[in-house]
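Written below as structure tokens is the structure these notes are about.
The values are calculated or read from the model by the stated rules, or taken from the named source; none is laboratory data. Nothing here was measured: the structure is a model prediction, and the numbers come from that model. Methodologically, a virtual Cβ is constructed for each residue, glycine included, from the backbone with ideal geometry; neighbour enumeration extends over all protein chains shown. The area values use the complete protein model at the heavy-atom level, side chains included, leaving out ligands, DNA and RNA. Shrake-Rupley method; radii C 1.70, N 1.55, O 1.52, S 1.80 Å.
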Amino acid sequence: MNPLKKFEPLKFISDNIVTVIFLALTIIAIPFSRLSGIYILSNLIDRFARSAFLVFALILPIMAGMGINFAMVLGATAGQIGLIFAIDYNVMGIQGLLLATCIGVPLSIFLGWFCGQVLNRARGREMVTGFILGYFMDGVYQFFGLYVMGWLIPIRTREVMQVTGSGVRNTLALGPVRGGLDNILNLQVGPFHLPLLTFGVIAFLCLFIIWFRKTKLGHDMRAIGQDQGVSHSAGIAVDRTRIMAIVISTILACIGQIIYLQNMGNMGTYTSQRQAGYFAAAAILVGGATVSKATIMNVFVGVFLVHSLYITMPIAGKEIFKSAMVGQYMSDFINYAIIALALVLHAWRNKRNADLARAGLRGHADKDSALAAQAGAVQ
Amino acid sequence: MSKKTLMARGLFVAAYLLLAIWAYTTGKGYVVFINNYATGESVEVFVTLDKASPVRIRRGGFVPLMVKGKGTHQIMVRREGAADFEGAFVYPRSAEALSIAVAMIMPGQELVVVPVSAALEER
Amino acid sequence: MANESSLLSLEGISKDFYGNVVLEDVTFTVGRGEIIGLVGENGAGKTTLMRILFGMPVIAETGGFKGRIMLDGKQVAFTSPFDALDAGIGMVHQEFSLIPGFTATENITLNRESMKRNVACDIFGERMSVLDRARMRTRAAKAISRLGVKLDPDILVSEMPVGHKQFTEIAREIDRSNVKLLVLDEPTAVLTETEAEVLIQSMRMLAAQGISIIFISHRLHEIINVADKIVVLRDGKAVKSVPVKGVSVHDIATWMVGREVKGSSSMLSACSEKVFLKVDNLWVDMPGETVRNVSFDVCEGEIFGIGGLAGQGKLGIPNGLMGLFPAGGNASLDDSPVPLNDPHKVLNNHMAFVSEDRRGVGLLLDETLEWNVAFTAMQAKGEHLIPVLGGLFKLRNERTMKLLAEEYIKTLEIKCTGPKQRAKELSGGNQQKICLAKAFALKPKLLFVSEPTRGIDVGAKAIVLETLRRYNKEYGMTIVMVSSELEELRSICHRIAIVDEGRIAGILPPTAEIAEFGLLMSGEKTGKNGDAA
Amino acid sequence: MNRIKAFITDFGWPRIIIAIFLLALFISAPFVGVKLDASFTDVFNRFGQNVIMVLALVPMVQAGCGLNFGLPLGILSGLLGSTMAMQFGLTGPMGFLVAILITIFFGSIFGLGYGKLLNKVKGEEMTIAMYVGFSAVMLFSILWLLLPYTKPDLVMGYAGEGLRRSISLEKYWDKILNNFLALRIGSVRNLAGNLSGGFIFPTGLMMFVAACVVFMWFFLRTKTGTAMTAVGSNPDFARASGVSVEKMRTTSVVVSTIIGGIGILVYQQSFGFVQVYDAPLYMAFPAVSALLIGGASVTKASMLNVVIGTLLFQGMLTMTPSVINSVLKTDMSEVIRIIVSNGMIIYALTRKTKVTK
């Protein structure tokens, strides 16, 4: 905020320790993987286009002080339901994606509203509640996909139906809509594919977020994120605004998942949504966001870093330990561990800052002895 | 709620529905059966519909392909030892499925398409 | 009563909470551009009066109030603070109600931002409007200039000095287009003297612009300095409502606390001259009750009172000595040093504490009375345990715990269904007795009691005080009692120390003149016998 | 009438619905051709198999650390215990005992570190616990591949190194508790002369479970256990009474981790296999749901909650597939399990906690 503040490298590193650790891991992994820079870069571009949108879904709830919205899984689920219908109705290309979005968005609004209600009742533990809510949704979704589909809602296309003749199959080929977005306005520059329209959509989303922060609603979310009590006494409808943050997050997750899956070309009907949740949380935290602060930059940095590690680590692990499984587990481990580390560091830093703030208020005496006494008290 | 607000919201909902309807009608895929049934001189062919990637059909083979929407579509047939065929065909509004025989495709001639009865749609 | 020039008039305001009268027939008027100094001890009814004025829901929930409020000659009845704000009444609370990561501008215009509409508003509602930052900044600058202070509208609240936060709050209230009356609740409490001086200048400026102000403060010289009229509340009654001209600090202090002492020191046991507890240069970091530098001695067998206004640090003294908050300095009991910052050792050192925060610190609300009474003795002294396997494990002895609880239920006349009842089901007075029992169970030589009569009814108050007096007399227990109620301290203590701004302002005998206490409390005078006593 | 109402609000509708649902399953079982004796045998086995992991959650709930989603740490120490004992070639009771000892050793170490960590992050325990659990499981997945296990029973056949996904306990201590003094009631000797059908009561398993429950009951009654409960009930009160809140919280985490490790050993011997790699990833969730179904809240849990909860939850898991499948001809048990167990956790997280302030 203060432009006169000096740049202190050590402070910068300690403030962005999660990003720094991740960067270091990636730099170590690259030579071991023996992958060419061009291969890594072209893969990165592809993966960035595929998954950046998803991560943006997490920004607003963080801004509104609700932490990482692990319940974005609900939005991803809505997107998948939209896709199931698009495939079942045999709608192809960009139109298929639009139809999936048109079906998914109202569903996301409903799910987001429900989720917001639940999270408002679980103040102070939004993250764990959102997480479990994602699992709960898995059950509802499986009920829908396996029993409602093919019973109340007929399945028309054989490729969608399970071999047993009821419910949606576990892996759905998205052939008709594959590349529906990426392949329009595709530019080939040397070895790199540049899906310009997808980039355009992401750029548009960035602009939306920048604009949104300037609106009254965005401003209110920032206020609530910092102090719910003050916001409430100023007359801001706290609960409603929190629900809106979740609803928008859920909608973005829905669209993000559709973009992700059109690139992948097939979907694990009952598993893909959960991976979206894990990935997005890891990416935004690796990008340097905390539970209480996130920027567009965090998203970009995070997506690039996480994917560079995803690309290199399995192969590096295989090379180092001579075992493909090690590499695979290594990626998973780092994915979970980085979230744990980011959460721990954030909670720990909050506690330390609170202590330091108190130390400034100490009565008489010099600060050193006050701190020493406190250190004694802690032990 | 002011009249203007009401109208704006009405328009928004209408636009949303129209988008969905437009996506459904123009994006719906229809099946085209392309057969390469053996006739005297038939060989393996590669068929490209619209902008999709070429599909190989072996001699005597039979492949269902999808086209987006009814109306006019491009078709390209490439076969060994012969010039590429490029042409267009119209998917009739009334048809539920189409059948095209490679053997019937002759350079410089109108493409022959045969509507398939609904019963066959299930392949 | 409501004449042409008066903006607000309160007429015969009375309020009771379930029979407990807190306001009785309070009447006064506020003229346009007039500054009213409202003074009174803690619990005199200032807060309740302001709650009534602002239509806080808690008032309606507890049965409403009697009397009427006239604003601009019309009777008003607000049902929520937002109604009051709409009617042009603004309030600045003692605790800052600001968003730390927002700039002064953003805070001043919070939820009243200037906005520009756009298409999205028609579809998704007004909250899609974009903020008009330039206009917000102009408004903020204007509000600040009305205060006559220098304050950068773009600075973050978290980076402001305390004084500027206070100004930001006031600027927020006067940014409302229709503001007519400001209520400032202890605005100078957190300010340095120079900052307070600037604030007082601002108040004069606002008054000159026709804004009326109700100024609540315990710094009496400020009141005399700035107010046009002074209203003194005592025990829920407006005992004085006079123009400030010719009134002295001494007068106000007398009106504020002026009650006659009922109990007298003759009921007290004699205490020795031997110094039992010695406290030197104690500081305690207790949020809201910071103790900066306190020294005092307590004699053996004495009941030593500590009084003072809320937030000045009197509560910090026992909490710090008992190790509940970070503390430093020196303390010794019976010539052996008191270990600070270690509750366990302190409890083992013949000291016990009855906390002012009964529900937060004093009780295990969800557990039984047995647990509440015996727990501290079990953990600190290892009582009520049965060794199993040669002492490898120690199981709690439910039988002796029950006996202990029953004993105190009998001696302290605690009304309950039995030792198995849960603490939360008891009334406030009986809960307080449980807290006392918990402390007595430790058989302490020195007992700290903090606000022992807060929030309990009159009958229970008498029993609690009587119990303390009895334990002092019969067992020679030295007691340090911290209380906001001066009358109570004067009825029971041998000596009373008054704490102001984290320091001891003076130590007086209970028989001292009332005004003396008032002056010490208001920081108008530091006792001659202060720190040295 | 009022008492019934109070009981219902106290007990919570979800639990009553689940109990009624289970009762309905049992009543309807004979009509759809499900054998009750076999069902009861199953319910008891699965109860014993899972109850100790549920029990493991109690100390942390009591100490105010919330639901232990980090249970996988305890499970990992249990996995270390059993695999190491097997690697040493120990079988039968001896093997099981050594496995328990190794588990206790590793459980204490893991629990200590985990407890210290949780003390640093008060307020966000549950989310962090979950991710700490997840990452530990993945870290150990790597270790299972790299640790120098050599016994052919343990390692993957073709590579000769790295543990198998599931390791059979047949030659070691398969069903050592289940079969100990097991009682058969109403069994019929079939033509081949073997006993079949009827209700089998796993006496040894139940005795072990009872011992663990009694141990926990005792533990909560010790000075430490009492202090722990007070810390969970009101940390400020406990501190004012001279109890070190941090130490009590750490202790509760250590005890929880160790019991969790023993829990998985009991699970394995009943199940017959040791499952490594990502198998422990989600094991905390059914345990947490079972405890909550039993009537515990995020801040209070008792032995009764553990027993009732595990019976209800495992009963439901056993009975739903058999009964529902025979009625609907489709396997909805998985969906019901996910919805009920996670719904229960959400219910507990969103309910106003009972601690009065």
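Quick rundown of the values:
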read-out: Residues of the range C:339-355 satisfying the condition of being out of contact with any Gly (no Cβ under 6 Å at 6 or more places or on another chain), crowded, with 22+ Cβ neighbours inside 10 Å and in a loop (DSSP other than H, G, I, E, B); value: C:340
read-out: Subset of the range D:284-297 [surrounded by fewer than 22 Cβ atoms within 10 Å (Cβ to Cβ) and part of a loop (DSSP other than H, G, I, E, B)]; value: D:295, D:297
read-out: Hits in the range D:234-283 (condition: within 14 Å of chain C (Cβ to nearest Cβ), out of contact with any His (no Cβ under 9 Å at 6 or more places or on another chain) and open to solvent by 10 Å² or more (accessible area, probe 1.4 Å)); value: D:235, D:236, D:239, D:240, D:245, D:246, D:247, D:248, D:251, D:255
read-out: So residue D:190, is it open to solvent by 50 Å² or more (accessible area, probe 1.4 Å), of a type outside the set (A, V, I, L, M, F, W, C) and modelled with pLDDT of 75 or more; value: no
read-out: Search result, residues across the range D:223-249 that are under 26 Å from residue D:50 (Cβ atoms) and polar (S, T, N, Q); value: D:229
read-out: Test result for residue D:300, closer than 21 Å to residue D:229 by Cα, modelled with pLDDT of 85 or more and facing another protein chain (nearest Cβ under 8 Å); value: yes
read-out: Test: residue in the range D:143-155 that is of a type in the set (Phe, Trp, Tyr) and not in a helix (DSSP H, G or I); value: yes
read-out: Residues satisfying the stated conditions in the range A:122-170, i.e. modelled with pLDDT under 90 and charged (D, E, K, R); value: A:123, A:125, A:126, A:156, A:158, A:159, A:169
read-out: Hits in the range C:103-141 (condition: of a type in the set (S, T, N, Q), more than 14 Å from chain B (Cβ to nearest Cβ) and within 20 Å of residue A:241 (Cα to Cα)); value: C:107, C:109, C:111, C:114
read-out: Leading residue by the ranking (farthest from the chain's Cα centre (by Cα)) among those in the range C:356-379 that are open to solvent by 10 Å² or more (accessible area, probe 1.4 Å) and within 7 Å of chain D (Cβ to nearest Cβ); value: C:379
read-out: Tabulated pairs, the range D:249-267, first among the charged types (D, E, K, R), second surrounded by fewer than 24 Cβ atoms within 10 Å (Cβ to Cβ), C-beta under 6 angstrom, 6+ apart or interchain; value: D:249/D:119
read-out: 1 or more residues open to solvent by 50 Å² or more (accessible area, probe 1.4 Å) and without any contact (Cβ under 8 Å) to a residue 12 or more places away in the chain: qualifying helices (runs of 4 or more DSSP H) within the range D:1-118; value: D:2-11, D:13-28, D:36-55
read-out: Residue match in the range A:34-41 (condition: modelled with pLDDT of 90 or more, open to solvent by less than 60 Å² (accessible area, probe 1.4 Å) and either part of a helix (DSSP H, G or I) or of a type in the set (Gly, Ala, Ser) (or both)); value: yes
read-out: Neighbours by Cβ (under 9 Å, 6+ apart or cross-chain): first from the range A:264-278, over 16 Å from residue A:50 (Cβ atoms) and open to solvent by less than 10 Å² (accessible area, probe 1.4 Å); second of a type in the set (Ser, Thr, Tyr) and in a strand (DSSP E or B); value: A:269/A:171
read-out: Single condition residue D:129 does not satisfy, out of (1) closer than 30 Å to residue D:236 by Cα; (2) surrounded by fewer than 24 Cβ atoms within 10 Å (Cβ to Cβ); (3) at pLDDT 90 or above; (4) among the small types (Gly, Ala, Ser); value: (2)
read-out: Single residue of C:127, C:146, C:234 found to be among the basic types (Lys, Arg), open to solvent by 40 Å² or more (accessible area, probe 1.4 Å), more than 19 Å from residue C:108 (Cβ to Cβ) and touching a residue at least 40 places away in the same chain (Cβ under 8 Å); value: C:234
read-out: Enumeration of residues in the range C:224-251 that are closer than 29 Å to residue C:142 by Cβ and of a type in the set (A, V, I, L, M); value: C:226, C:227
read-out: Residues (open to solvent by 10 Å² or more (accessible area, probe 1.4 Å) and modelled with pLDDT under 85) located in the range C:8-44; value: C:16, C:17, C:18, C:19, C:20, C:21, C:22, C:41, C:42, C:43
read-out: Candidates B:28, B:51 - the one that is of a type in the set (D, E, K, R) and either surrounded by 14 or more Cβ atoms within 10 Å (Cβ to Cβ) or at pLDDT 85 or above (or both); value: B:28
read-out: Members of the range A:293-325 that are more than 22 Å from residue A:280 (Cβ to Cβ), buried (at least 19 other Cβ atoms within 10 Å of the Cβ) and at pLDDT 85 or above; value: A:316
read-out: Selected residue (criterion: surrounded by the most Cβ atoms within 10 Å (Cβ to Cβ)) from residues of the range C:433-492 that are out of contact with any Phe, Trp or Tyr (no Cβ under 9 Å at 6 or more places or on another chain) and at positive phi; value: C:451
read-out: Single match in C:224, C:170, C:174 (criterion: open to solvent by 10 Å² or more (accessible area, probe 1.4 Å), of a type in the set (A, V, I, L, M) and modelled with pLDDT of 85 or more); value: C:224
read-out: Yes/no for residue A:217 being open to solvent by 60 Å² or more (accessible area, probe 1.4 Å), among the aliphatic types (A, V, I, L, M) and assigned to a helix (DSSP H, G or I); value: no
read-out: Conditions (1) in contact with a Ser or Thr (Cβ under 7 Å, 6 or more places away or on another chain); (2) of a type outside the set (Gly, Ala, Ser); (3) surrounded by 23 or more Cβ atoms within 10 Å (Cβ to Cβ): number failed by residue C:510; value: (3)
read-out: Evaluation of residue D:350 against (1) over 18 Å from the mean Cα position of the chain (by Cα); (2) away from chain A (no Cβ under 14 Å) (one fails), failing number; value: (2)
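For (1) outside any loop (DSSP other than H, G, I, E, B); (2) farther than 17 Å from residue C:354 by Cα; (3) touching a residue at least 12 places away in the same chain (Cβ under 8 Å), each residue gets a yes or a no:
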| residue | (1), (2), (3) |
| --- | --- |
| C:448 | yes, no, yes |
| C:455 | no, no, yes |
| C:474 | yes, yes, no |
| C:479 | yes, no, yes |
| C:488 | yes, no, yes |
| C:497 | yes, yes, yes |
| C:506 | yes, yes, yes |
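Yes/no per residue for (1) among the aliphatic types (A, V, I, L, M); (2) buried (at least 18 other Cβ atoms within 10 Å of the Cβ); (3) in the same structural domain as residue C:374 (by TED's automatic domain parsing):
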{"site": "C:393", "(1), (2), (3)": "no, no, yes"}
{"site": "C:398", "(1), (2), (3)": "no, no, yes"}
{"site": "C:401", "(1), (2), (3)": "yes, yes, yes"}
{"site": "C:408", "(1), (2), (3)": "no, yes, yes"}
{"site": "C:420", "(1), (2), (3)": "no, no, yes"}
